[in-house]
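Throughout, read-outs are computed from the coordinates displayed, never taken from laboratory work. None of these values were measured; they are calculated from a predicted model.
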Amino acid sequence: MSASCLSSINNCLNKPDFSRLLLRLSLGGLLLFHGWHKMMSGIGPIQGMLAAHGMPAFIGYGVYVGEVVAPILIILGVLCRLSALMVIGTMLVAWLLAGIGNTFHVDAVGAWAIESMAFYTLMSLVLLFQGAGRYSLAKNDAWR
């Protein structure tokens with residue numbers, strides 16, 4: 001392939017704002033399933049884990065912020081960096097409470113045992129540094 005052909009392909013596919021939209025929809029949409037599950041089944045198990053570690057059970061309500069509010073804001077493109085930080089914090093707490101013992105393990109099908117936590121954390125880090133992009137409901141850059 002010639003350099004001009006490669007340049008044409010690269011120019012055609014260089015869509016950073018569209019890729020940010022895909023990132024937001026993927027991260028927010030997939031994480032929202034976890035939040036929906038907690039809204040339907042409750043957070044009793046999380047509160048139990050917190051209490052077992054000597055922390056107040058009411059802190060468990062923070063999962064609604066990290067798995068419902070933040071994903072919705074991320075999907076909409078509003079306060080994305082702040083929401084990404086909330087997701088990172090939620091994943092850190094989830095790892096400390098439920099995943100730390102599995103950090104160096106694989107599951108029955110060969111996946112990293114904390115793969116989903118790592119996935120959400122890394123996607124949030126990318127969003128933290130990239131921001132929402134142009135395709136956002138927030139018209140003011142400060143709110144993206």
Exercise. Sequence-distant or interchain residues sharing an amide H contact under 5 Å with residue 113, placed H: which?
Worked result: 105, 106, 107
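Apply the a/c threshold of 1.5 to the C-alpha gyration tensor of the chain and tell me whether it is rounded, prolate or oblate.
Here the chain falls in the oblate category.
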Exercise. Among 127, 96, 25, which one moves the most in a GNM of the chain with springs linking Cα atoms closer than 10 Å?
Worked result: 96
